[in-house]
Amino acid sequence: VEVGRVDYVPVDWPTAYYSCTTPEWVLRHPRNGGQSDGWSGWWPDPIVPTNGVDLAANTTQAFWLNFKTDAATRPGNYAGRLVWRLDGVVVRTDAFNVKVWNFEIPSRPKFAAVYDLRIGGQWKGLGATDEERREKLWAFMAEKKACPDSLGGNVKFTRGKDGNVTADFTEYDRLATRFFDHYKFPSSYMPHVFYCFGWGMPPKKFLGEDPYEGKWPYEGSDWTKLRPAYKTVYQQALRLYWNHVKAKGWADKLTLYISDEPHFHQTNVVQQMIACCRMIHEVDPAIRIYSSTWRHCPEWNNALDVWGVGHYGCFPVDEMKARKAAGGSIWWTTDGQMCTDTPYCAVERLLPHYAHKYGADLYEFWGSTWLTYDPWKFGWHAYIRQSDTPGKTYWVRYPAGDGYLIYPPKE
């Protein structure tokens, strides 16, 4: 059994996405009502491992008990008690019961609850290097049956003077072995180098090659046709990688994340998605391409293999069935809804049920460690610069607690 003390963090304003286009020197703060069922004030969020607590008179303190079993634990009811001592004298006892069910959770889950890892400066308390911090977070997530979004190692691709691409898989293989074989995580995105574009942006360069004729942002270019030189180097690198992971036995656990929340109300974005997917599937139709579309774009039915579906009715159920019947897959995508000031926690509780009922292979949440402030001091985010289309920038403050479900060491 692990005993955790429930700590509280301040939230200054009810959760929502707050954006503005004020100058750099203007103090930014929310100016309208929130979009959650929460309110300003102190909210219970972090659970701090503890062996004791100094509890002042006339105060209330919540505790969280976590019981761990393994495959050898016999099923049945286990009785226990909490003993409260003050200066060594027992002042109170409370009985509890724990029921252990008669089934075993697989060591490698068939279903994945995927949470992105972003290990910035706030995480230095877990180690001096990204490698040390990643290892501790992997171990923590594996124990909780959660899955990191990616094993984090990039393949080192090099383009020679003859134009041909070569690859060094040393770092990637070392991390993949620990990720898949040691921690038994069931899923990973392919290296980020293969990610093509986000929102309303054109595809990024690949090994120095522009995706379209002309200069960024390629206004007036034909977005249905990628430059032959761009396709050549991208496909050379992808073919090297794909053949390598097939030989290693990892291919069935890997998905190519092509685009985050593509703006398919823009014709050029619809066109470039089709072009990029065609480029990838020319290497091998078996490569699974994923995008967090939230909604359905009919033009991409023969392009995407895995659809990131919004869970609140924005993707028709009949269309989900049709995509699966056509050989595709459904994932739930959940940005901005696992927040601090959401007292009913409805989405978090319902996602496993949704996945079972509608046949989703996993759900993914965009962040578990993304911090803009010290979360022990401020339960809300800083305003950050963001751009979702060429030439357009704005400030945005993400919902309180959005992007982090794991706290760094308090010190």
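The values are calculated or read from the model by the stated rules, or taken from the named source; none is laboratory data. Computed from a predicted structure; not experimentally measured. All Cβ positions, even for glycine, are placed from backbone atoms using ideal geometry, and neighbour counts span all protein chains on display. Keep in mind that these areas ignore ligands, DNA and RNA; they rest on the heavy atoms of the full protein, side chains included. Shrake-Rupley method; radii C 1.70, N 1.55, O 1.52, S 1.80 Å.
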Asp168 at pLDDT 95 or above, among the acidic types (Asp, Glu) and out of contact with any Leu (no Cβ under 6 Å at 6 or more places or on another chain): yes
Out of all the residues in the range 20-49, which are surrounded by 14 or more Cβ atoms within 10 Å (Cβ to Cβ) and in contact with a Lys or Arg (Cβ under 8 Å, 6 or more places away or on another chain)? Cys20, Arg28, Pro30, Ile47, Val48
Any idea how many residues of the range 196-206 are closer than 19 Å to Ala237 by Cβ and open to solvent by 40 Å² or more (accessible area, probe 1.4 Å)? 2
Can you find a residue in the range 248-269 that is in contact with a helix residue (DSSP H, G or I) (Cβ under 8 Å, 6 or more places away or on another chain), farther than 27 Å from Leu175 by Cα and among the hydrophobic types (A, V, I, L, M, F, W, C)? yes
Please go through the range 295-315 and pick out each residue that is out of contact with any Lys or Arg (no Cβ under 9 Å at 6 or more places or on another chain), exposed (fewer than 13 other Cβ atoms within 10 Å of the Cβ) and closer than 18 Å to Tyr354 by Cα. Tyr312, Gly313
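Every residue, every condition in (1) outside any strand (DSSP E or B); (2) among the β-branched types (Val, Ile, Thr); (3) closer than 30 Å to Tyr8 by Cβ, yes or no:
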position: Asn302; (1), (2), (3): yes, no, no
position: Trp332; (1), (2), (3): no, no, yes
position: Tyr344; (1), (2), (3): yes, no, yes
position: Val347; (1), (2), (3): yes, yes, yes
position: Leu350; (1), (2), (3): yes, no, yes
position: Lys357; (1), (2), (3): yes, no, no
position: Leu371; (1), (2), (3): yes, no, yes
position: Ser387; (1), (2), (3): no, no, no
position: Ile406; (1), (2), (3): yes, yes, yes
Name the residue that is nearest to Gly327 (Cα to Cα), counting only residues in the range 361-374 that are touching a helix residue (DSSP H, G or I) at 6+ places or on another chain (Cβ under 8 Å) and open to solvent by less than 10 Å² (accessible area, probe 1.4 Å). Leu362
For a quick check of your reading of the model, give me the residue pairs whose first member lies in the range 278-289 and is without any contact (Cβ under 8 Å) to a residue 40 or more places away in the chain, whose second is surrounded by 13 or more Cβ atoms within 10 Å (Cβ to Cβ) and part of a helix (DSSP H, G or I), with beta-carbon atoms closer than 6 Å and at least 6 apart or on different chains. Ile289/Cys277; Ile289/Ile280
The one condition in (1) within 24 Å of Glu143 (Cα to Cα); (2) surrounded by 11 or more Cβ atoms within 10 Å (Cβ to Cβ) that Ala16 fails to fulfil: (1)
Of the residues in the range 375-411 that are open to solvent by less than 20 Å² (accessible area, probe 1.4 Å) and touching a Lys or Arg at 6+ places or on another chain (Cβ under 6 Å), the one that is farthest from Thr21 (Cα to Cα) is His381
Does Gly33 satisfy the criteria of being of a type outside the set (Lys, Arg), under 30 Å from Lys392 (Cα atoms) and either without any contact (Cβ under 8 Å) to a residue 40 or more places away in the chain or not in a strand (DSSP E or B) (or both)? yes
Picked from the range 198-216 (must be modelled with pLDDT of 95 or more and either farther than 20 Å from Phe157 by Cα or among the β-branched types (Val, Ile, Thr) (or both)), the residue farthest from the chain's Cα centre (by Cα) is Tyr212
Pairs please, first residue from the range 340-352 and farther than 18 Å from Ser40 by Cβ, second anywhere and surrounded by 12 or more Cβ atoms within 10 Å (Cβ to Cβ) and modelled with pLDDT under 85, Cβ atoms under 7 Å, 6+ apart in sequence or on different chains. Val347/Gln337
His192 being open to solvent by 30 Å² or more (accessible area, probe 1.4 Å), in contact (Cβ under 8 Å) with a residue 12 or more places away in the chain and over 25 Å from Leu151 (Cα atoms): no
I'd like the full set of residues that are open to solvent by 60 Å² or more (accessible area, probe 1.4 Å) and either modelled with pLDDT of 85 or more or acidic (Asp, Glu) (or both), limited to the range 349-359. Leu350, Pro352, His353, His356, Lys357, Tyr358
So, Gly327, is that one touching a residue at least 40 places away in the same chain (Cβ under 8 Å) and either open to solvent by 40 Å² or more (accessible area, probe 1.4 Å) or within 20 Å of the chain's Cα centre (by Cα) (or both) or not? no
For strands (runs of 3 or more DSSP E) lying entirely in the range 87-172, having 1 or more residues that are surrounded by fewer than 16 Cβ atoms within 10 Å (Cβ to Cβ) and without any contact (Cβ under 8 Å) to a residue 12 or more places away in the chain picks out 89-100, 156-159
If I filter the range 199-221 for residues that are more than 15 Å from Leu254 (Cβ to Cβ) and assigned to a strand (DSSP E or B), do I get at least one hit? yes
